[in-house]
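What follows draws every value from the coordinates through simple rules; no lab data is involved. The structure displayed is predicted, hence computed values, not measured ones. Neighbour counts are summed over all protein chains in view; Cβ atoms, including those assigned to glycine, are modelled from backbone coordinates with ideal geometry.
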Amino acid sequence: MTDVIVIGGGIAGVSAAAELAIEATVTLLEAEDALAYHASGRSAAMFLKTYGNTTVRALNEASEDGHLAAGVLSQRGMMLLGKQHEADAFETERKSFGMARITIDEARAKLPIVNTKTCALAGYLETAQDLDTDLLIQSYRKAALDAGARFVTNAKVDMISKEAGRWHIRSAGREWFADIIVNAAGAWADQVATLAGIAPIGIQPFRRSMARVPAPGGYNVRDWPFVDGVNEAWYAKPDAGKWLVSPSEEDPIAPQDAWADDMVLAEGIARYQDMVTEEVTRVETSWAGLRSFAPDRALVIGRDMTEPSFVWLTGQGGYGFQTAPAAARLCADIALARTSDLAKAVVSSLSPARFA
């Protein structure tokens, strides 16, 4: 058995722990007092196989069976709305997602608040699905615990060193030793690497805010689609009888417990309101999360070039939940020296060696 320390208790760390624990002794360390506290606990995740670059899409495709087995997907549909002057960008985005072009009347049949005075373009993707983030986290947590993994919260790592060929990790006076470290620390991944004496990759966290508002116009929004503005100027989707609206901002910030900026929210809601007939009169609650990207906006999964016993699992950006099954499996394959089912070109495009 191999001793593995996973640092980070978001979807990346918890899913990796479940995969690793099948063959290894695994301890997961989470700095906060609960799992999925930061980005993973603030996601309005969808499963869109055509979302992301070529590498991300390969992981999406390889993750579908895992999501189906976990029972975390449900039909939603996705709509793209645009103004006439956005026609070129609209077509590029519509084709990228593999959406069908629909009329504005057809759009209103699916989303009755579409503003026909401003909306001139609409596309629709039937196969877009909701992804139950909490159920996925809990499913992986249970699988990991059933396989013997240990989860330790309130364990912010403050020291990492290599002693006699093994990693020595310390947190607030507590100590662990392991053969392998999996760095699944999200926005803090570069900081964890630096603690271990390993060069950072350049992981950049970006803030994204969200507002929960009452159902527009008193409608039953249960069957409404996920709705996106051209170039992700905003998005909206149903949420337990309410309506979520995001300005879809990407503001670079330092790793932190993020919060929504009122002005950014107001600007995003204004962009959204311009495309619908129902005004947002009240925000019930708001929050923000961090989407952390590598420089090329693909995930980073693989052994560090200078220290093979340090495995990166980071740079999920906005794709962490939908790629989790394939990403966790690949992480475990690499850490435990197994052969991956993914194409070699995909594995190579995810490796941290691409930044060397």
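Kindly give the semi-axes, whole Å and largest first, of the ellipsoid equivalent to the stretch 169-208, taking each as the square root of 5 times a Cα gyration tensor eigenvalue.
So the three semi-axes of the stretch 169-208 are 22, 12, 9 Å.
If you build the Cα gyration tensor of the stretch 145-201 and take the root of 5 times each eigenvalue, what three semi-axes come out, in whole angstrom, biggest first?
Sorted largest first and rounded, they come to 18, 15, 12 Å.
For the stretch 265-305, what is Rg from Cα atoms divided by 2.2 N^0.38 Å, rounded to two decimals? Let's see the in-between values first.
Values: Rg = 17.9 Å, N = 41, 2.2 N^0.38 = 9.0 Å.
Working it through for the stretch 265-305, the quotient is 1.98.
May I ask you to sort Phe321, Phe177 by Cβ crowding, counting other Cβ atoms within 10 Å and putting the fewest first?
On the way: Phe321 27, Phe177 13.
Lowest to highest Cβ neighbour count: Phe177, Phe321.
So how long is each side of the stretch 1-110 along the principal axes, counting just the alpha-carbon atoms, biggest first, in Å?
58, 28, 25
Place a label point 7 angstrom from the Cα of Trp287 along the Cα-to-Cβ direction, then list the residues of the stretch 45-70 whose backbone nitrogen is under 16 Å away.
45-46
Using all alpha carbons of the stretch 111-175, what is the percent of pairwise distances in each 10 Å bin, ordered from the shortest bin to the longest?
Histogram of Cα-Cα distances, whole percents per bin: 14, 21, 22, 14, 14, 13, 3.
Kindly provide the pair-distance distribution of the stretch 72-199 built from C-alpha pairs, with 10 Å bins from 0 and whole-percent values in order of increasing distance.
Percent of pairs per bin, in order: 10, 24, 18, 15, 19, 13, 2.
Once you've got the GNM for the chain with C-alpha springs shorter than 10 Å, pick whichever of Gln129, Gln322, Gln138 has the biggest mean-square fluctuation.
Top of the fluctuation ranking is Gln138.
At q = 0.07, 0.08 Å⁻¹, what base-10 log of I(q)/I(0) does the Debye formula yield for the chain when every alpha carbon is treated as an equal point scatterer in vacuo?
Reported log10 I(q)/I(0), two decimals: -0.31, -0.40.
How far, in degrees from 0 to 90, does helix 11-20 lean away from the longest principal axis of the Cα atoms of the chain, to the nearest 10?
Around 40 degrees separate the two axes.
If one takes the longest principal axis of the Cα atoms in the chain, at what angle in degrees, from 0 to 90 and to the nearest 10, does the Cα axis of helix 133-146 lie?
20
Starting from the Cα coordinates of the stretch 153-248, work out the convex hull volume and express it per residue in Å³.
Per-residue hull volume (Cα only) is 154 Å³.
Arrange the following residues from fewest to most other Cβ atoms within 10 Å of their Cβ: Ile198, Ile169, Ile104.
With the sparsest Cβ surroundings first, the list reads Ile104, Ile198, Ile169.
What is the helix-to-structure angle for 54-70, meaning the angle in degrees between its Cα long axis and the longest Cα principal axis of the chain, kept from 0 to 90 and rounded to the nearest 10?
Helix 54-70 sits at roughly 90 degrees to that axis.
Taking every Cα atom in the stretch 242-356, find the radius of gyration and the maximum pairwise distance Dmax, and write them in Å.
19.0, 56
If each residue of separation counts as 0.36 nm, what is the full-extension length gain between Arg222 and Ile104 once their alpha-carbon separation is subtracted?
So the chain would gain 40.4 nm between Arg222 and Ile104.
Counting only helical runs of four or more DSSP H residues, what would the 222 nm mean residue ellipticity of the chain come to if each run contributes -39,500 (n - 2.57) and the total is spread over all its residues?
My calculation for the chain gives -8500 deg cm²/dmol from helical runs alone.
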